[in-house]
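Each remark here refers to the structure printed beneath this line.
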Amino acid sequence: MTDNRLDELRQQMDDLNLQILNLISERGKVVQEIGKLKEMQGTNRFDPVRERAMLNLIEENNAGPFETSTLQHIFKEIFKAGLELQHDDHRKALLVSRKKKPENTIVNIKGEKIGNGAQHFIVGPCSVESYEQVAAVAEAAKKQGLRLLRGGAFKPRTSPYDFQGLGLEGLQILKQIADEYDMAVISEIVTPADIETALDYIDVIQIGARNMQNFELLKAAGSVNKPILLKRGLAATLDEFINAAEYIISRGNGQIILCERGIRTYERATRNTLDISAVPILKKETHLPVFVDVTHSTGRRDLLLPTAKAALAIGADGVMAEVHPDPAVALSDSAQQMDIPQFKEFISELKPLCNVLS
Ligand code: PEP
Ligand code: MN
């Protein structure tokens, strides 16, 4: 008899659990609807005044047997789950997200197809210092079959007294080299006002780590028809990095390459800490190609090759590294740029490891 009663109560419990499940799921759907309306209105999803009113409603209607505080705790968890649901929906809706577009984005830079499965290199000096200096690197890169050349014209330096770059003259040198060597050139732009100018001189606009959350610059980069290489901020989470790319794509420019360049941690053995797992995470979360900058992430010449190997092995779409004809006299980053013989060695070690799909 007691056994039968117990079975009956258990059955009742199962039914109640299912009812609670249905109610929570139904509530979830209403929360999603509210989320959509709020997004359209541009209002904040979390509304503390509304949450307080909902908690008061629980208190006013609690007829026992639970303490109000216990019920409020349970309901707060349900409210939290609802907010997370809205957040997930928003994330799914990001234009850079792989959920939005499952296939890889391929960024075509003068015929070099970044993101097509083949692995690429972007090499060149930290700063453009002279025509001869860039030409020496261009020639060496060309000999290795590489066509993507970097060089900074506007240099965001830690100290205002350090070399700030040649500015427009640097862009003009890059353009001349690109034409003479049939190469594509990549250079950093630091202010929205220079984005239009850059279009005439360079093939890829780089947005540097220090500007990853310069939202006006991101919007300006999103408004032009030119590939963008977006570097991860020094202290940016991957979520922030992805949202920075979203700023660009949301303005219409989907030609974006993400670049992991190390983040600031307590470790002092390297200039920054290369977050290698960022590569597969970014590849999984977004449809954009991902590069690894081994120069700025390590700040050490002896680590360029092993970290580049790691980048290729983990599935990066390419590697960026700095090369200077005479690093000892370089006006910036002299400690970690490779000279030409080191660069040749670097490429010959890495070439056999690259995926050669195209
Ligand atoms: C650069 O690539 O020239 C550069 C300054 O890098 P970052 O913005 O990653 O520091
Ligand atoms: Mn540099």
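The values are calculated or read from the model by the stated rules, or taken from the named source; none is laboratory data. Note that the structure is a prediction, hence the values are computed from the model and not measured. Please note: Cβ atoms are built from the backbone with ideal geometry, for glycine as well, and neighbour counts cover all protein chains shown. When the accessible area is computed, the model is the full protein with side chains, heavy atoms only, and any ligands, DNA or RNA have been set aside. Shrake-Rupley method; radii C 1.70, N 1.55, O 1.52, S 1.80 Å.
Averaged over all directions, how much area does the convex hull of the C-alpha atoms of the chain cover when projected, in nm²?
Values: hull surface 99.4 nm².
With every direction weighted equally, the projected area is 24.8 nm².
Using +1 on the beta carbon of Lys and Arg, -1 on that of Asp and Glu, and nothing else charged, what's the dipole of segment 32-142 about the Cα centre, debye to 20? Show your work: numbers first, answer last.
Values: 16 positive and 16 negative charges, 89 e Å.
Computed about the Cα centre, the dipole is about 420 debye.
Which one, 167, 262, 64, has the greatest fluctuation when you compute a Gaussian network model over the chain with C-alpha springs under 10 angstrom?
Greatest mean-square fluctuation among the candidates belongs to 64.
Using a Gaussian network model of the chain whose springs link C-alpha atoms within less than 10 Å, name the residue from 77, 246, 139 with the highest mean-square fluctuation.
77
Please report the carbon-and-sulfur percent of the accessible area for segment 111-216; probe 1.4 Å, protein heavy atoms only, DNA, RNA and ligands left out. Spell out each step's value before the answer.
Values: 1930 of 4040 Å².
Reported share for carbon and sulfur atoms: 48 percent.
Charges at C-beta only: +1 for Lys and Arg, -1 for Asp and Glu. How large is the resulting dipole of the chain about its Cα centre, in Debye rounded to 20? Walk me through the numbers on the way to the answer.
Working: 43 positive and 49 negative charges, 68 e Å.
Charge dipole of the chain: 320 debye, to the nearest 20.
Expressed as a whole percent, how much of the Cα-Cα distance distribution for segment 283-358 exceeds 14 Å? Can you show the working numbers first?
Details: 1747 of 2850 pairs.
Of all Cα-Cα pairs in segment 283-358, 61 percent lie more than 14 Å apart.
Please report, to one decimal in angstroms, the Kirkwood hydrodynamic radius of segment 141-215 built from all distinct Cα-Cα pairs. Spell out each step's value before the answer.
Working: mean 1/r = 0.0771 Å⁻¹.
Taking the inverse mean of 1/r over all distinct Cα pairs, segment 141-215 comes out at 13.0 Å.
Mind scanning 92/351; 110/143; 175/284; 101/344; 175/226; 155/175 and naming the pairs with a C-alpha gap bigger than 26 Å?
On the way: 92/351 36 Å; 110/143 18 Å; 175/284 35 Å; 101/344 38 Å; 175/226 15 Å; 155/175 18 Å.
The pairs that break the limit, which is 26 Å between Cα atoms, are 92/351; 175/284; 101/344.
Residue farthest toward the positive end of the dipole of segment 90-224, with Cβ of Lys/Arg at +1 and Asp/Glu at -1: which of 220, 174, 151?
220
Using helices alone, what [θ] at 222 nm do you get for the chain, with -39,500 (n - 2.57) per DSSP H run of 4 or more residues, divided over all residues and rounded to the nearest 500?
-15000 deg cm²/dmol, from helical runs alone.
Return one whole number: the accessible area per residue of the chain in Å², for a 1.4 Å probe.
Working: 18170 Å² over 358 residues.
That works out to 51 Å² for each residue.
What percent does the relative contact order of the chain come to when contacts are Cα pairs within less than 8 Å and at least six residues apart?
Details: 612 pairs, mean separation 56.5, N = 358.
Normalised by residue count, the contact order of the chain is 16 percent.
Mind grabbing the accessible area of residue 3 for me, 1.4 Å probe, Å², rounded to tens?
Roughly 110 Å² of residue 3 is accessible to a 1.4 Å probe.
Got a sec? Charge dipole of segment 224-323, +1 on Cβ for Lys and Arg, -1 for Asp and Glu; which of 321, 233, 307 is way out at the positive end?
Comparing the listed Cα positions along the dipole, 321 ranks first.
Evaluate 2.2 N^0.38 Å with N set to the residue count of segment 8-119, then give the Cα radius of gyration divided by it. Before the final figure, lay out each step's value.
Working: Rg = 21.7 Å, N = 112, 2.2 N^0.38 = 13.2 Å.
The value comes to 1.64.
Could you compute Rg(Cα) / (2.2 N^0.38 Å) for segment 222-275, with N its residue count? Could the numbers behind the result be given before it?
On the way: Rg = 13.0 Å, N = 54, 2.2 N^0.38 = 10.0 Å.
Scaled against compact globular proteins, the figure is 1.30.
With a 1.4 Å probe and every protein chain kept in, tell me what percent of the accessible surface of segment 255-347 is carbon plus sulfur. Numbers along the way, then the final one.
Details: 1950 of 3400 Å².
Using a 1.4 Å probe with all protein chains present, segment 255-347 comes out at 57 percent carbon and sulfur.
Going toward the positive end of the dipole of the chain, with +1 on Lys and Arg Cβ and -1 on Asp and Glu Cβ, which of 42, 355, 247 do you reach last?
It is 355.
When the convex hull of the C-alpha atoms of segment 65-130 is computed, what volume per residue in Å³ does it have? Working shown, then result.
Values: hull volume 12.4 nm³, N = 66.
Value for segment 65-130: 188 Å³ per residue.
Considering only protein heavy atoms, with the full assembly of protein chains and a 1.4 angstrom probe, order 43, 68 by accessible area, largest first. Intermediate values should be presented prior to the final figure.
Numbers: 43 70, 68 35 Å².
Putting 43, 68 in descending order of accessible area: 43, 68.
Using bins 5 angstrom wide from zero, how does P(r) for segment 97-171 break down, in % of all Cα pairs?
Calculated P(r), rounded to whole percents: 3, 14, 18, 16, 16, 13, 10, 7, 3, 0.
Around residue 38, under 9 Å between beta carbons, what's the net of Lys plus Arg minus Asp minus Glu among the other residues?
On the way: positive: 36, 45; negative: 39, 47.
So the environment of residue 38 carries a net charge of 0.
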